[in-house]
Structures are given as C-alpha cells and as structure tokens.
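*Asks:* Have a look at this one.
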Amino acid sequence: MTTATAATTTWTPYEIHPAGLGIDATARALTAHLADTAAVDRLLTEHQALVFRGFGLTPDTLGPVLDLLLRNRLAYVHGNSPRTKVGDNLYTSTEYPAEFTISMHNELSYAESWPTRLAFFCQQAPETGGATPVVDGVRWLESLDPEVREAFAPGVRYTQNLHDGLGLGKSWQDTFETGDRAEVEAYLNGTGADWHWRADGGLHISQLRPATVVHPQTGREVWFNQADQWHPASLGDETAAALAGLLPPEELPQYVTLADGSPIPDAYVLQVRDRGLENAVDVDWATGDLMVIDNMAVGHGRRPFTGPRRVLVAMTD
C-alpha cells in the first residue's frame, strides 16, 4: 500500500502536443501517429489518461481518431445520466445544470459490464470553468478512512426505478435505447440483476456490484463505484434533494445501499464524494482538445462553468 501511494501522489494526465511528437498540427497527422495502436495502448496503461492538444480536431475530423483510440465504440446502454446521442455511439457529456459540480465516478461502474476507456472531445470550451477533473483510483481508495473502506468491502447494491415515458429520472426506453421489452429482458437476464416490470409500466432493477476492482493490467486495487452519486445525501440539485425528502428511498429513480441492504451513512458518501474531488487533477479545456482515459484506473467528473460548453463522449470495451 505504501508503494502504491507514493507512486500516485504526483500523478497527472499525460499531455501530447504536435511539437513533442515531431508531426504536423493536424488531425490527419494525429491519425497517422495513432495507427500504432499497440504503442498507444501501452502509453495509456502507463499514464492512465492522455490529453491531445493542438491538433485542430473538429467534429468532422474526429471520427478516424476515435476509430483508432476506441476500436469498438459502445452505445450508452444502461446509462443513468441525461445525454444526447449526436453520432455513431457519440454522445454529449452529462447534461446537468452548469452551476453544479459532477462528482468523481467511473462510467457505468454500477453495471454488469463497463467501458474500459472513454474519450472526451471539446467541441466548444466554456467561457469560465468547466474543467473535467480526473482522479487516480488508487489514491482515491487510499484517501478514505479505514471504516469507510471496510463498510464498502462487501460491495454496494444499486436500485433503479425507470418510468415508462412519463415520470422522474430516465425512462427504461432511454436507458436501454430501445422500446422493445424483450431486448431489455434479454440484457438484464445476462447481468445477474434482480428486476421486474412494475404495474405502472416502469421497470425496477436491483443489482449488487463491487465497490473496488483490481485493474487487469496493473494489478492495482482501485475505488470503483458510484455510491455517492446514487445517494440522496450527496445531491447538489435542490429540486432532487427535495424529492429525496418526499419519497421513500425504494421509490426514488435511483438509490444505493450497502451490500446487505442496510443504509449507507450520509457521512460515508460525503467523504467519498469530497475526497474524490480533493484528490482530482483538473483538465481545463480548449476547443479541439481530446482526452482519453482508462475508465477502470481513473475517475472523472465536471466542474461548474459559465457560457456554452459542449464536450462529446464516446467509449469502448
């Protein structure tokens, strides 16, 4: 544990510029450089997050770059955050009000399967703020008090109540990108989740997932769950917080407990949320920047911002 802590205290994403590579500052040159996919894979494993700056990327030139970095682009199936699909498995980043912070998390860590890497493309940088903070999962885990780590060790149980097109939170149709119940059932039957259709046409899902995982390449244990984001105590949106005070936990659009079903103390989830943000490194955006992260090794979030901001997200297995 001591060695891992020392190795992560100075961690930052690795920035890549045209001059450093000795290539032209163009999307075409970057695409040619990324053709050595094995070298890029090794670099990402070593640094956990890569930031490409100064290549003049645009939505029109982004596709070939993503095809090399994300070789099997995934749909955002079973995703819980609001976002819009804008291309070939390319989405807007979470459409959450600009004045709020999005806390640190690993994408789809609550699901049976999750993407191994994510790419973020800045189509339009905001006037102020709007950084994407990233945090090393080992450092995040080791920053937590022993009693918190012990409580989470058996895992966490996530609960979703997805409406049938009219209600709070996301519908099951939007969540699974289909209106076919049979497709949803086939997906859920392969996840080990407990689920049932509600009388009102909605869908109830409960699933036990780990709180930490061991990275398959590095062998490092990392914090890997979204308990704080699913817990009412950490809601920053006043409307959502008020809703949590009106509805019983089991009726909320999403809720989380400890593995045995007992409530997670508010103090625990607030510690998880706050220490993730405290240990994060902000990646400030310029239009045309691209960041790729190892989704298991690194958590990400969003800082508040002013002015229009458009960051697009894609993922791969």
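The values are calculated or read from the model by the stated rules, or taken from the named source; none is laboratory data. Small disclaimer: the values here were computed from a predicted structure and weren't measured. FYI the Cβ positions are ideal-geometry reconstructions off the backbone, even for glycines, and counts take in every protein chain you see.
*Asks:* What are the pairs, 6+ residues apart or on separate chains, where a residue within the range 296-317 that is on the phi > 0 side of the Ramachandran plot has its Cβ under 7 Å from a residue that is β-branched (Val, Ile, Thr)?
*Replies:* Taking only residues 6 or more apart or on different chains, the pairs are Gly307/Thr128.
*Asks:* Suppose we filter Ser103, Ser143 for residues that are touching a Leu at 6+ places or on another chain (Cβ under 7 Å), within 29 Å of Ile16 (Cβ to Cβ) and either assigned by TED's automatic domain parsing to the domain that holds Asp228 or not hydrophobic (A, V, I, L, M, F, W, C) (or both); which single one remains?
*Replies:* Details: Ser143 fails: touching a Leu at 6+ places or on another chain (Cβ under 7 Å).
Checking each option against the conditions leaves just Ser103.
*Asks:* Considering only the range 22-68, how many residues are touching a residue at least 40 places away in the same chain (Cβ under 8 Å) and surrounded by 15 or more Cβ atoms within 10 Å (Cβ to Cβ)? Write out each step before concluding.
*Replies:* At the first step, the residues of the range 22-68 found to be touching a residue at least 40 places away in the same chain (Cβ under 8 Å) are 44-45, 48-59, 62, 65-66.
When the remaining residues are screened for being surrounded by 15 or more Cβ atoms within 10 Å (Cβ to Cβ), the result is 44, 48-57, 62, 65-66.
Here the count works out to 14.
*Asks:* Is it true that Val222 is under 24 Å from Lys170 (Cβ atoms) and surrounded by 14 or more Cβ atoms within 10 Å (Cβ to Cβ)? Reasoning before the result, please.
*Replies:* Details: under 24 Å from Lys170 (Cβ atoms): no; surrounded by 14 or more Cβ atoms within 10 Å (Cβ to Cβ): yes.
Answer is no for this residue.
*Asks:* Between Thr58, Thr101, which is in contact with a helix residue (DSSP H, G or I) (Cβ under 8 Å, 6 or more places away or on another chain), at pLDDT 95 or above and among the polar types (S, T, N, Q)? Steps first, answer last, please.
*Replies:* On the way: Thr101 fails: at pLDDT 95 or above.
Only one candidate qualifies: Thr58.
*Asks:* Within the range 163-188, which residues are under 20 Å from the mean Cα position of the chain (by Cα) and not β-branched (Val, Ile, Thr)?
*Replies:* If the condition is that a residue be under 20 Å from the mean Cα position of the chain (by Cα) and not β-branched (Val, Ile, Thr), then Gly169, Lys170, Ser171, Trp172, Asp174, Phe176, Glu177 are the ones that fit.
*Asks:* Does Pro146 meet the test of being without any contact (Cβ under 8 Å) to a residue 12 or more places away in the chain and over 15 Å from Ala297 (Cβ atoms)?
*Replies:* On the way: without any contact (Cβ under 8 Å) to a residue 12 or more places away in the chain: yes; over 15 Å from Ala297 (Cβ atoms): yes.
The answer is yes for Pro146.
*Asks:* Which is on the phi < 0 side of the Ramachandran plot, under 16 Å from the mean Cα position of the chain (by Cα) and surrounded by fewer than 20 Cβ atoms within 10 Å (Cβ to Cβ), of Ala151, Ala111? Give the derivation first.
*Replies:* Numbers: Ala151 fails: under 16 Å from the mean Cα position of the chain (by Cα).
Selected residue: Ala111, the only one of Ala151, Ala111 that is on the phi < 0 side of the Ramachandran plot, under 16 Å from the mean Cα position of the chain (by Cα) and surrounded by fewer than 20 Cβ atoms within 10 Å (Cβ to Cβ).
*Asks:* Here's a follow-up. Quickly run through the range 170-195 and pick out the residues that are of a type outside the set (S, T, N, Q), under 22 Å from Arg209 (Cα atoms) and in a loop (DSSP other than H, G, I, E, B).
*Replies:* Lys170, Gly190, Gly192, Ala193
*Asks:* Could you check, for the range 102-124, whether at least one of its residues is in contact with a Ser or Thr (Cβ under 8 Å, 6 or more places away or on another chain), under 27 Å from Trp285 (Cα atoms) and in a loop (DSSP other than H, G, I, E, B)?
*Replies:* Yes, the range 102-124 contains at least one residue that is in contact with a Ser or Thr (Cβ under 8 Å, 6 or more places away or on another chain), under 27 Å from Trp285 (Cα atoms) and in a loop (DSSP other than H, G, I, E, B).
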